[in-house]
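First the structure, in the form of structure tokens, and then the observations on it.
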């Protein structure tokens, strides 16, 4: 190898080393940036937890009581309120513009232990946790109302009690009658249940006689959830009208009274569906959009809060967050 070739090889070697250093340095910089970002996010999370536990209006006397109550095993939930000296903050009281109401509407589906295998985990709530929610919300000072009461308050300014809150149950499952209803009676808590008419009498769903009994109880409002749980947003005009209107007529025949409120299956709907609901004579329609402030402008898409698997304390905190 002559001098010129040796020089070329040397230049290539130097270039390779420089490129390796650049690539290595870049990789180190990216790794460090990611690690620093993660550290910052972790710090934010820890700060948020600290602010949560030490907020101006804590829902427990200290974080240890709060943690103990939140992480109670399900079997101990039924005595949670009595076992822990919980101090509940006052329910938030915010100023609203004219025509708006602060009324949380909490949304439930199944009130029963979660099956071992299910793809609908967020639709199940253990009855013991459900009772913990009702107990805490009642102790906090909420008054349970029906969606019909909310509709009348918005439309004709019918009075609502202080700190109103509505409990809604979608689909009309049998566990509402066997497991949820006894808890509602225990706490004298009103609720609204949205019924899929064609499913009545099928395994796992309410029967017509159970619906009549619930309606006569004075605690439960019967409302409509279409005939067959159809996705209205994909239905043609004729089908959508039938699902919306006929479900109202059939339920009214079953209970011998008015059915004033409606909920969209899956939370899917269009402007046409809102119009059809209004033409069918419903006072309100419930959506699945999150929120607590109701008004005439959303009378056919009332906001709701999902109950998920929150304990009573967690749900109270959620409803009273900003």
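The table below lists the values:
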| read-out | value |
| --- | --- |
| Condition met for residue 214 (under 24 Å from residue 129 (Cα atoms), in a helix (DSSP H, G or I) and at pLDDT 95 or above) | yes |
| Helices (runs of 4 or more DSSP H) within region 72-185 that include 1 or more residues in contact with a helix residue (DSSP H, G or I) (Cβ under 9 Å, 6 or more places away or on another chain) and at pLDDT 95 or above | 127-140, 147-156 |
| Sole residue being assigned by TED's automatic domain parsing to the domain that holds residue 145 and either more than 23 Å from the chain's Cα centre (by Cα) or assigned to a helix (DSSP H, G or I) (or both), chosen from 192, 239, 226 | 239 |
| Counted residues, region 187-203 - those being surrounded by fewer than 18 Cβ atoms within 10 Å (Cβ to Cβ), in contact with a helix residue (DSSP H, G or I) (Cβ under 7 Å, 6 or more places away or on another chain) and farther than 19 Å from residue 246 by Cβ | 1 |
| Considering residues of region 275-318 that are in a helix (DSSP H, G or I) and buried (at least 20 other Cβ atoms within 10 Å of the Cβ) only, the residue farthest from the chain's Cα centre (by Cα) | 276 |
| Candidates 206, 123, 102, 137 - the one that is crowded, with 21+ Cβ neighbours inside 10 Å and under 22 Å from the mean Cα position of the chain (by Cα) | 137 |
| Verdict on residue 213 being within 29 Å of residue 138 (Cβ to Cβ), without any contact (Cβ under 8 Å) to a residue 40 or more places away in the chain and out of contact with any helix residue (DSSP H, G or I) (no Cβ under 7 Å at 6 or more places or on another chain) | yes |
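The values are calculated or read from the model by the stated rules, or taken from the named source; none is laboratory data. In this text the structure is predicted, and so the values were computed from the model without any measurement. Ideal geometry is used to build each Cβ from the backbone, glycine not excepted, and the neighbour counts take in all protein chains shown.
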